[in-house]
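Enquirer: One structure is given below, represented as structure tokens, and several questions about it will come after.
Each value in this text was obtained by applying a stated rule to the coordinates, not by laboratory testing. Since the model is a prediction, treat every value here as computed from it, not as a measurement. Glycine also receives a Cβ, built like all others from the backbone with ideal geometry; neighbour counts cover every protein chain displayed.
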């Protein structure tokens, strides 16, 4: 029985890793599309969102099967429960990527001003979110708590950029009222990236829970 459950858990970990890579690609392409207003690239993200949803359902089904057939306990149970929650958070990241892509599809401006993009720090925010995603994936693969915890500080920078972007766009609207709709929609892009950071933080918490049996969610919210 032990041999069988170990092979099933390894398979589940491999599937989660593939889901991770898929979602990382979605966020990266959506961010690039937003920076360049590349509608073709944005359309690719929207089409591939169906793969993300299908993969989530497959992993959910596999988790249920492992629980039903092998009745895991202790660290194996923590691992399975963590994979279930991580899978859900990864699917939400896929949703955010799709939302960013739809901003690009619906945007009528041919290009965003380079000076505005620099002030907004959109590229920096995207890079930080992708870095958080990379860190959590490595943390799971290496079962490294320090790597997982390092994500919390990165999320602070993402929150800071999101807060500053709202102010920058408000000032830009005052000077360019004809771009009001595009700017308001762009606020949504920053909000989605900020929420992506929150979900990656949730993933980091699940990794700590799996490795060390510590629940960080409520203790961290009290500290903040």
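Enquirer: Please compute the contact order of region 89-190 in relative form: average sequence separation of alpha-carbon pairs under 8 Å and at least six residues apart, divided by the residue count, as a percent.
Expert: RCO, region 89-190: 33 percent.
Enquirer: Also, I was wondering about something else. How far, in nm, would the chain grow between residue 176 and residue 50 when pulled straight, counting 0.36 nm per residue and subtracting the alpha carbon separation?
Expert: Separation in residues times 0.36 nm, less the Cα-Cα distance, equals 41.6 nm.
Enquirer: Obtain the nm distance between the two label points defined at residue 187 and residue 146 by a simple spin-label model: each point lies 7 Å from its Cα along the Cα-to-C-beta direction.
Expert: Rounded to a tenth, the inter-label distance reads 4.2 nm.
Enquirer: Okay, moving on. Please find, in a Gaussian network model of the chain (springs between Cα atoms separated by less than 10 Å), the residue of 128, 91, 146 whose mean-square fluctuation is greatest.
Expert: Most flexible of the set in this elastic network: 146.
Enquirer: Also, quick follow-up: What ranking, highest mean first, results for peptides 25-35, 49-59, 76-86 when packing means the other Cβ atoms within 10 Å averaged over each residue?
Expert: 25-35, 76-86, 49-59
Enquirer: Can you give the angle from 0 to 90° between the axis of helix 145-175 and the longest principal axis of the chain, with both taken from C-alpha atoms, to the nearest 10?
Expert: 20
Enquirer: Right, another one. Report relative contact order for the chain in percent, whole number only (criteria: Cα-Cα under 8 Å, sequence separation at least 6).
Expert: After rounding, I find 25 percent.
Enquirer: Given a Förster radius of 45 Å and the C-beta distance between residue 65 and residue 114 as r, what FRET efficiency does 1/(1 + (r/R0)^6) yield to the nearest 0.05?
Expert: So, using R0 = 45 Å, E works out to roughly 0.30.
Enquirer: Between residue 32 and residue 73, what length comes free when the chain is fully extended (0.36 nm per residue of separation minus the Cα-Cα distance, one decimal in nm)?
Expert: 10.5 nm
Enquirer: Could you work out how far helix 122-142 tilts from the main Cα principal axis of the chain, as a 0 to 90 degree angle to the nearest 10?
Expert: 10
Enquirer: What value, in deg cm²/dmol to 500, does the helix sum -39500 (n - 2.57) over DSSP H runs of n ≥ 4 give at 222 nm once divided by the residues of the chain?
Expert: -31500 deg cm²/dmol
Enquirer: Still on this structure, I have one more. Would you mind checking the tilt of helix 74-106 against the longest principal axis of the Cα atoms of the chain, expressed as 0 to 90 degrees and rounded to 10?
Expert: Orientation of helix 74-106: about 20 degrees from the principal axis.
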